[in-house]
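Right, one structure below, let's go through it.
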Amino acid sequence: MEKQKTFLVIDSNSLIHRAYHALPPLTTKKGQEVGAIYGFLLGLFKVLKEFKPDFVAAAFDSSGPTFRHKEFKAYKAKRPKIPPQLSWQIEQTKEILEAFGIPVFEKKGFEADDIIGTISTLVPKKQIFPEAKIIILSGDLDTLQLVKPHTYVCFPQKGVKGTILYDPELVREKYSGLEPTQLVDFRALRGDPSDNIPGVKGIGQKTAIALIKEFKTLENLYFEIENHTERSEKIKPKLRELLLKHKEDAFFSKQLSQIACNVPIEFSLEKCRFGRYDEQKIKTLFEKLEFFSLIKKLPEIFNSKVSENLLK
């Protein structure tokens, strides 16, 4: 029987940002900042070595506003602009990934999460046999809503070196019994200050979890409240008042939180097959960035397919 195939999807922006803030400044002899690239590659190399994926793809945020910004101008408004030194490192990372033979996906008007959701939906449709294991490498817990049987989120721990692999059971453990699909409903009530998603003002994590566990979905919660069911009558009057007052915010927050899984991208499974790389380009890029220690790690990543010329 053919072994289970593994498809790795990289949430590139979240990992680059995480590395940028987690690691001490690292510069080349010319003073060029390269720490975010280096940290990103350390984390990526660890996962490539651990899971030995058959297919790999990298998702990036598009430049400019997304469809969420058009619907809600304040979306992520509190986040600072990307500094030039980080913007440069993001572009360099794309170049490195392409030298590795890893296709880069980005689409105007969408975020990396939407690309990831779309790819994780498309892969099973490509009929890889037996069912493919999809691993999403991400530093953003929002991607946990995509977890399901055969689809996991690999989340960095302790800087960029350690990871934790979320399956449905671990998601339930982290969120007191909520299913991955219910995290959108949870976020609709709780909100998310980092993304400026309002939620229901006055409702915290504990209450949001309790409500979704009891009523299963946001839609059912409001249906029962508005129809005065016996179960909904057990909700304290003050909480019921908050929910009704901020109903529009709750449903809008759910809409903003839902990862799109239908982004119109040109997806080819064969182009994502891992193992093809531009040997000379990798060497040139790594020498320019002064990543000499990483050059020595390449045989482990490409299963010793890298020639001796690359190591000289």
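The values are calculated or read from the model by the stated rules, or taken from the named source; none is laboratory data. Computed from a predicted structure; not experimentally measured. FYI the Cβ positions are ideal-geometry reconstructions off the backbone, even for glycines, and counts take in every protein chain you see.
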Residue identified as under 25 Å from F267 (Cβ atoms) and surrounded by fewer than 23 Cβ atoms within 10 Å (Cβ to Cβ) among T163, T181: T181
Some residue of region 239-248 being within 19 Å of V56 (Cβ to Cβ), out of contact with any Gly (no Cβ under 7 Å at 6 or more places or on another chain) and either in contact (Cβ under 8 Å) with a residue 60 or more places away in the chain or in a loop (DSSP other than H, G, I, E, B) (or both): no
Qualifying position, being under 24 Å from Q145 (Cβ atoms), loosely packed, with under 12 Cβ neighbours inside 10 Å and at pLDDT 95 or above, among K238, K213, K206: K206
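Out of the residues in region 45-84 meeting the condition of being small (G, A, S) and modelled with pLDDT of 60 or more, tell me which one is surrounded by the most Cβ atoms within 10 Å (Cβ to Cβ). Can you show your working first?
Going through region 45-84, the residues small (G, A, S) turn out to be 57-59, 62-64, 74, 77.
From the residues that got through so far, the ones that are modelled with pLDDT of 60 or more too are 57-59, 62-64.
Numbers: A57: 26, A58: 28, A59: 30, S62: 16, S63: 10, G64: 8.
Only one residue tops the list, namely A59.
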Helices (runs of 4 or more DSSP H) fully within region 112-209 counting 1 or more residues that are outside the structural domain of L23 (by TED's automatic domain parsing) and closer than 30 Å to R240 by Cα: 168-174, 183-190
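Counting only residues that are crowded, with 16+ Cβ neighbours inside 10 Å and either assigned to a loop (DSSP other than H, G, I, E, B) or of a type in the set (K, R) (or both), how many does region 262-272 have?
Qualifying residue count, region 262-272: 4.
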Qualifying positions in region 148-191 - of a type in the set (D, E, K, R) and touching a Pro at 6+ places or on another chain (Cβ under 9 Å): K148, D167, R172, E179
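Please work out if F223 is buried (at least 16 other Cβ atoms within 10 Å of the Cβ) and among the aromatic types (F, W, Y). If you could, list the steps in order and put the result at the bottom.
Numbers: buried (at least 16 other Cβ atoms within 10 Å of the Cβ): no; among the aromatic types (F, W, Y): yes.
No, not satisfied.
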Considering residues of region 241-261 that are surrounded by fewer than 17 Cβ atoms within 10 Å (Cβ to Cβ) and over 30 Å from F7 (Cβ atoms) only, the residue modelled with the lowest pLDDT: E248
Answer residue from region 210-219, given it is touching an Asp or Glu at 6+ places or on another chain (Cβ under 9 Å) and in a helix (DSSP H, G or I) and is nearest to K254 (Cα to Cα) among those: L218
Pairs, first of a type outside the set (A, V, I, L, M) in region 163-178, second surrounded by fewer than 16 Cβ atoms within 10 Å (Cβ to Cβ), C-beta under 8 Å, six or more apart: T163/E50; T163/Q157; Y166/K174; P168/K148; P168/P149; S176/K213; G177/K213
Residue satisfying all of: in region 277-303; farther than 16 Å from E95 by Cβ and of a type outside the set (A, V, I, L, M); surrounded by the most Cβ atoms within 10 Å (Cβ to Cβ) among these: F302
The lone exception for S120 - which of (1) in contact with a Phe, Trp or Tyr (Cβ under 9 Å, 6 or more places away or on another chain); (2) at pLDDT 95 or above it fails: (2)
